[in-house]
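Working notes for the structure below.
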Amino acid sequence: MKNKYLSVAALALSTFLFVGCDDEDIKDFFPKPSDGDSKNWDIINFEMYKTGFLTEVKSSNGTGPIMVNAMRRQSNGTYANGNHAMIFNTHTPTGDDTDLFTGIHHPQGYDLSKVLIINQDMNSTPNDNQYGGTMTLDFSSMGTVTLHELTALDIDKYENMSYVRLYGANNRMLLEKKLMNMGNNSVQVVDLGNTSGVMRLEVTLDGTNNGMPAGSGAIDNIKFMKD
């Protein structure tokens, strides 16, 4: 949930604590990215892009293009027209999205820098959409890929219907993985099971807050290799 009252400076202090989670809880729920066989994995980390809208990306090794789309859900549950895929800088949150901050003083020491969000409108200022939606990365230009893991940021307690889904040929679902709804500023590394034959990755941010659709959050560090 967006906090309209906290500044980034305040986040650098004790306001970064997770409500209801002690240190052991946090250690259990926030694994670090795996390093195993890392030389074989390519990664999409969005670092080469400026904040703003985009329709395609390449990996850190220049693999691509990988088409990107973000469907923005509206307060009435319907989806808006247009591609709302936006690069967001977690070092300097805009749009009052202090819950997407990472960097120095993050409780788990995460520094994600640039991430992908669903923007709440078509204005140029990054501002994640509180009502949720679906982010899609299409790998089909390179045939199929094997997906290893991705990182998700800020899946709130009430966003308990948020999922990662992987699709192959003929729109066949290969994997469905529920995201942990751990709260503001939370970071989780999602194991995608080294699933091969993937043509499309979808991340749906979904839940209900006070009777309204909810689903703010971001993704980063998508590890894959060409099949």
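If you scan the range 185-221, which residues turn out to be surrounded by 23 or more Cβ atoms within 10 Å (Cβ to Cβ), under 22 Å from M71 (Cβ atoms) and among the small types (G, A, S)? Selection gives A214, G215, S216, G217, A218.
The set of residues in the range 84-116 that are surrounded by fewer than 21 Cβ atoms within 10 Å (Cβ to Cβ), acidic (D, E) and touching a residue at least 40 places away in the same chain (Cβ under 8 Å) contains only D96. Annotation: E149 fulfils all but one of (1) charged (D, E, K, R); (2) in contact with a Phe, Trp or Tyr (Cβ under 9 Å, 6 or more places away or on another chain); (3) without any contact (Cβ under 8 Å) to a residue 40 or more places away in the chain; the unmet one is (3). Of the residues N170, N160, N184, N221, the single one that is on the phi > 0 side of the Ramachandran plot and either among the β-branched types (V, I, T) or not in a strand (DSSP E or B) (or both) is N170. Put simply, of N119, N81, N61 the only residue that is crowded, with 19+ Cβ neighbours inside 10 Å and more than 17 Å from N184 (Cβ to Cβ) is N119.
Taking the range 188-218 as the range and being within 16 Å of the chain's Cα centre (by Cα), small (G, A, S) and assigned to a strand (DSSP E or B) as the test, the residues that pass are G207, A214, A218.
All of the numbers you see were taken from the coordinates with simple rules; none came from a lab. Please read these numbers as outputs of a predicted model, since none were measured by experiment. Neighbour counts run over all protein chains shown; Cβ positions are idealised from the backbone, glycine included.
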